[in-house]
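A.B. asks: Pasting a structure below so you can have a look.
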Amino acid sequence: MNPPEKLDYVKRSDRIRVSVGDLDQRRNLKIRAFVQLVLRPVFDDLEPKFGFREMGVRGVAPGQYFQDFQNFPRPHGYGSVFERAHRIGLNRCITHKADGDGREPQRLERLILETRAEFHAQEALGGASSVGFEPPLGDTVLTGRGRVLHILTRPAAPPGQRQVRDVPEELRFLNVHDFEEPFPTVELLQHVDDEFEEMDLGGADGPVGIWGLPNSDVFQHVNALEYIFGMENRMTALLAAAGLPLERFVAKRSQVIFRKPSFVGERFTVRCRLFRRADDFIALGSFHKIDPGGARDERPSVALRLEVGMAMSS
């Protein structure tokens, strides 16, 4: 009997009605809504396909490393029903990290589960006859894209032994692709083209916060969504301090790199720098842990990039 043919990708599609909190007052998708829209199917109906539970029993887990969400706002936004298409594949990424002491660069091999998603919905043609209800709708158009990288790791193993190089048996039904694009790093995330000018904010550090139980999730650390909340709130405060019209700004792209988890009881600060080119803005943010003595960890636990622009006139 021949072994089953391997798949290049796992694909799924569906139609969903988004919740009232997933759309802003202009009926465009919020960046924070992408987290559930992109990831929930992977860990709900597709979880048995990938065998995450069985891998976890052996100490292997898919650790979220990178998010890239692209938002395509329209003057009147969209209806409430979205078409959603997912494509999930397995990649092998090999990079080299210099130690800085003259030795040969360290070879790093990663197995990456990559999720890509696209969303389509009917474009709204005008305002609704009553606030909160469905507006008149037109053609179905692209509303957003999402990409998430999960690196297979052994989180409980000692440092230096956490890399997973061999494909777990649960994922051997997938062909392994070469990771063709540059591997996302904090340095790449924080690159800003020369035509953008940094705004004078009177200092990059925000106030010191503390993570509490409402920020946590069942994986025993701070939920990934909390960082987007914190970054959006910090950026909004800076835009308001600059006297800019908040009701006109919409996030068009969000990229996040997760380096270290945070836990209940830890203190942190959000650093944020803002760059401007006409009506386009880039916000570079990073979450830094604050130790009991008040010192800030210079290496970020999470780094974020938000690209923001003026909403089109309705």
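A.B. asks: I need the full set of residues from region 243-256 which are open to solvent by less than 50 Å² (accessible area, probe 1.4 Å) and either in contact (Cβ under 8 Å) with a residue 12 or more places away in the chain or in contact with a Pro (Cβ under 6 Å, 6 or more places away or on another chain) (or both), in order please.
C.D. replies: Phe249, Val250, Ala251, Ser254, Gln255, Val256
A.B. asks: Let me ask something else about it. How do the pairs read when you match residues in region 145-156 that are on the phi > 0 side of the Ramachandran plot with residues anywhere that are assigned to a strand (DSSP E or B) and buried (at least 22 other Cβ atoms within 10 Å of the Cβ), using Cβ under 7 Å and keeping only pairs 6 or more apart or on different chains?
C.D. replies: Final answer for the pair search is none.
A.B. asks: Where the second residue is assigned to a loop (DSSP other than H, G, I, E, B) and open to solvent by 50 Å² or more (accessible area, probe 1.4 Å) and the first is farther than 12 Å from Leu90 by Cα and lies in region 160-176, which pairs have Cβ atoms under 7 Å and are six or more apart or on separate chains?
C.D. replies: Qualifying pairs under 7 Å: Gln161/Arg154; Arg162/Arg154; Arg162/Pro155; Val164/Arg154.
A.B. asks: Select from region 195-239 the residues that are more than 23 Å from Lys252 (Cα to Cα) and among the polar types (S, T, N, Q) and list them in ascending order.
C.D. replies: Selection gives Asn215, Ser216, Gln220.
A.B. asks: One residue is enough: does region 77-89 have a residue meeting the conditions in contact (Cβ under 8 Å) with a residue 60 or more places away in the chain, more than 17 Å from the chain's Cα centre (by Cα) and loosely packed, with under 12 Cβ neighbours inside 10 Å?
C.D. replies: Looking through region 77-89, none of the residues is in contact (Cβ under 8 Å) with a residue 60 or more places away in the chain, more than 17 Å from the chain's Cα centre (by Cα) and loosely packed, with under 12 Cβ neighbours inside 10 Å.
A.B. asks: How do the strands (runs of 3 or more DSSP E) wholly within region 262-314 filter down when requiring 3 or more residues that are out of contact with any helix residue (DSSP H, G or I) (no Cβ under 9 Å at 6 or more places or on another chain): which remain? So that I can check it myself, show each step before the final result.
C.D. replies: On the way: elements: 267-277, 280-290, 302-310.
So the answer is 267-277, 280-290.
A.B. asks: Out of Glu170, Glu181, I need the residue that is open to solvent by less than 80 Å² (accessible area, probe 1.4 Å) and either within 27 Å of Tyr65 (Cβ to Cβ) or in a loop (DSSP other than H, G, I, E, B) (or both). Which one?
C.D. replies: Of the residues listed, the single one that is open to solvent by less than 80 Å² (accessible area, probe 1.4 Å) and either within 27 Å of Tyr65 (Cβ to Cβ) or in a loop (DSSP other than H, G, I, E, B) (or both) is Glu170.
A.B. asks: From the set of residues in region 194-223 that are open to solvent by 40 Å² or more (accessible area, probe 1.4 Å), touching a residue at least 60 places away in the same chain (Cβ under 8 Å) and in contact with a Lys or Arg (Cβ under 8 Å, 6 or more places away or on another chain), which is farthest from Leu304 (Cα to Cα)?
C.D. replies: Glu195
A.B. asks: Now for a separate question. Search region 272-294 for residues being under 17 Å from Pro245 (Cα atoms) and hydrophobic (A, V, I, L, M, F, W, C), and hand back the single one that is most open to solvent (accessible area, probe 1.4 Å). Break it down into steps so the answer makes sense when it comes.
C.D. replies: Filtering region 272-294 down to residues under 17 Å from Pro245 (Cα atoms) leaves 274-283.
Those left that are additionally hydrophobic (A, V, I, L, M, F, W, C): 274-275, 278, 281-283.
Numbers: Leu274: 2, Phe275: 17, Ala278: 78, Phe281: 5, Ile282: 9, Ala283: 1 Å².
This residue is Ala278.
A.B. asks: In addition: Looking at region 260-271, which of its residues are closer than 16 Å to Met235 by Cα and either surrounded by fewer than 21 Cβ atoms within 10 Å (Cβ to Cβ) or basic (Lys, Arg) (or both)?
C.D. replies: Matches in region 260-271: Thr269, Arg271.
A.B. asks: Test each condition in (1) of a type outside the set (Gly, Ala, Ser); (2) touching a Lys or Arg at 6+ places or on another chain (Cβ under 7 Å); (3) touching a residue at least 60 places away in the same chain (Cβ under 8 Å); (4) open to solvent by 50 Å² or more (accessible area, probe 1.4 Å) for Asp297 and report the one that comes out false.
C.D. replies: Failing condition for Asp297: (3).
A.B. asks: Given the options Glu232, Glu226, name the one that is in a helix (DSSP H, G or I), open to solvent by 30 Å² or more (accessible area, probe 1.4 Å) and of a type in the set (Asp, Glu). It would help to see each step written out before you state the result.
C.D. replies: Numbers: Glu232 fails: open to solvent by 30 Å² or more (accessible area, probe 1.4 Å).
Every option except Glu226 fails the conditions.
A.B. asks: Six or more apart or on different chains, Cβ atoms under 9 Å: show the pairs whose first residue is in region 23-50 and at negative phi and among the acidic types (Asp, Glu) and whose second is part of a helix (DSSP H, G or I) and surrounded by fewer than 17 Cβ atoms within 10 Å (Cβ to Cβ).
C.D. replies: Short answer, once both residue conditions are applied: Glu47/Arg53.
A.B. asks: Residues in region 100-155 that are open to solvent by 70 Å² or more (accessible area, probe 1.4 Å), closer than 28 Å to Ala85 by Cα and assigned to a strand (DSSP E or B): how many?
C.D. replies: Total satisfying the criteria: 5.
A.B. asks: Condition first: of a type outside the set (Ser, Thr, Tyr) and in contact (Cβ under 8 Å) with a residue 60 or more places away in the chain. Now tell me which residues in region 53-68 satisfy that.
C.D. replies: Scanning region 53-68 gives Glu54, Met55, Arg58, Gly59, Val60, Ala61, Pro62, Gly63, Gln64, Phe66, Gln67, Asp68.
A.B. asks: Find all pairs meeting these conditions: Cβ atoms under 7 angstrom apart; at least six residues apart or on different chains; first residue within region 7-19 and more than 12 Å from Pro41 (Cβ to Cβ); second residue open to solvent by 70 Å² or more (accessible area, probe 1.4 Å) and not acidic (Asp, Glu).
C.D. replies: Cβ pairs passing all conditions: Tyr9/Arg87.
The values are calculated or read from the model by the stated rules, or taken from the named source; none is laboratory data. As the structure is a computational prediction, the values presented were derived from the model and not from experiment. Note that each Cβ is placed from the backbone with ideal geometry, even for glycine, and that neighbours are counted across all protein chains shown. All accessible areas refer to the heavy atoms of the entire protein, side chains included, with ligands and DNA or RNA removed. Shrake-Rupley method; radii C 1.70, N 1.55, O 1.52, S 1.80 Å.
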